[in-house]
Amino acid sequence: MFRTSEMGGNKCWEVAHESKLARPDACPSCRLCADLRGTAQETAGAAGSPSATTTIPGNHLPPPQQKFEGKIERNAAQSIPWWPARVVPAKGAPNILLIMTDETGFGVTSTFGGVVPTPTLDQIAANGLRYTNFNSTALCSPTRAAIITGRNHHSMGFGVVAEQATGFPGYDSFMTRDKATIGKIL
């Protein structure tokens, strides 16, 4: 099942969660369609060695479990080990840094004058990157629904905490299939 969305004026096709299909004939100019077509799998290092790496197409997340191709015998001396290849990003993959915090605000981290030491965030901020668009609903599950989707908590069905869900739109605590989480998008 495919659904269309407008991205940069191009008509793009997004694969529904349960579908394993991709449309290679979708618009060639947009990043989403390029990701859906995937890229050829690249493998480096000796197969089965701890240093082996592989890439996967961007529309196959999470990575499929790799088959064990070693040999298990009665003792270790007769057995042959086999390590699954470490999945690495393909050449040209976007470099995304996603930082998600829960139960915190600006005043918590040392980056913004708080008492919790966050040296890595301090270093990122010193290099010029500061997250300054913090939104909170002041309730746990609505805030989490908004954080994992980048959408308003009412549009996600979490106008109230999940335990107080009602049978009304925006308050039923059901995330519909047309609302993708950051995990699905990436």
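The values are calculated or read from the model by the stated rules, or taken from the named source; none is laboratory data. Being a predicted model, the structure only gives us computed values, none of them experimental. Virtual Cβ from ideal backbone geometry, glycine too; neighbours counted across all protein chains shown.
Table for the structure above
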{"quantity": "Some residue of the stretch 24-47 being at pLDDT 90 or above and either under 28 Å from Arg151 (Cα atoms) or among the β-branched types (Val, Ile, Thr) (or both)", "calculated": "no"}
{"quantity": "Residue that is modelled with the lowest pLDDT [pool: residues in the stretch 122-143 that are of a type outside the set (D, E, K, R) and over 28 Å from Val161 (Cβ atoms)]", "calculated": "Leu129"}
{"quantity": "Subset of the stretch 96-117 [at pLDDT below 90 and of a type in the set (Ser, Thr, Tyr)]", "calculated": "Thr101, Thr104, Thr109, Thr111"}
{"quantity": "Residue list for the stretch 145-179, restricted to those being among the aliphatic types (A, V, I, L, M) and either in the same structural domain as Pro62 (by TED's automatic domain parsing) or buried (at least 16 other Cβ atoms within 10 Å of the Cβ) (or both)", "calculated": "Ala145, Ala146, Ile147, Ile148, Met156, Val160, Ala162, Ala165, Met175"}
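Conditions (1) without any contact (Cβ under 8 Å) to a residue 12 or more places away in the chain; (2) part of a loop (DSSP other than H, G, I, E, B); (3) closer than 21 Å to Phe106 by Cβ, marked per residue:
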residue: Thr137; (1), (2), (3): no, yes, yes
residue: Pro142; (1), (2), (3): no, no, yes
residue: Ile148; (1), (2), (3): no, no, yes
residue: Arg151; (1), (2), (3): no, yes, no
residue: His154; (1), (2), (3): no, yes, no
residue: Val160; (1), (2), (3): no, yes, no
residue: Tyr171; (1), (2), (3): no, yes, no
residue: Thr176; (1), (2), (3): no, yes, no
residue: Lys179; (1), (2), (3): no, yes, no
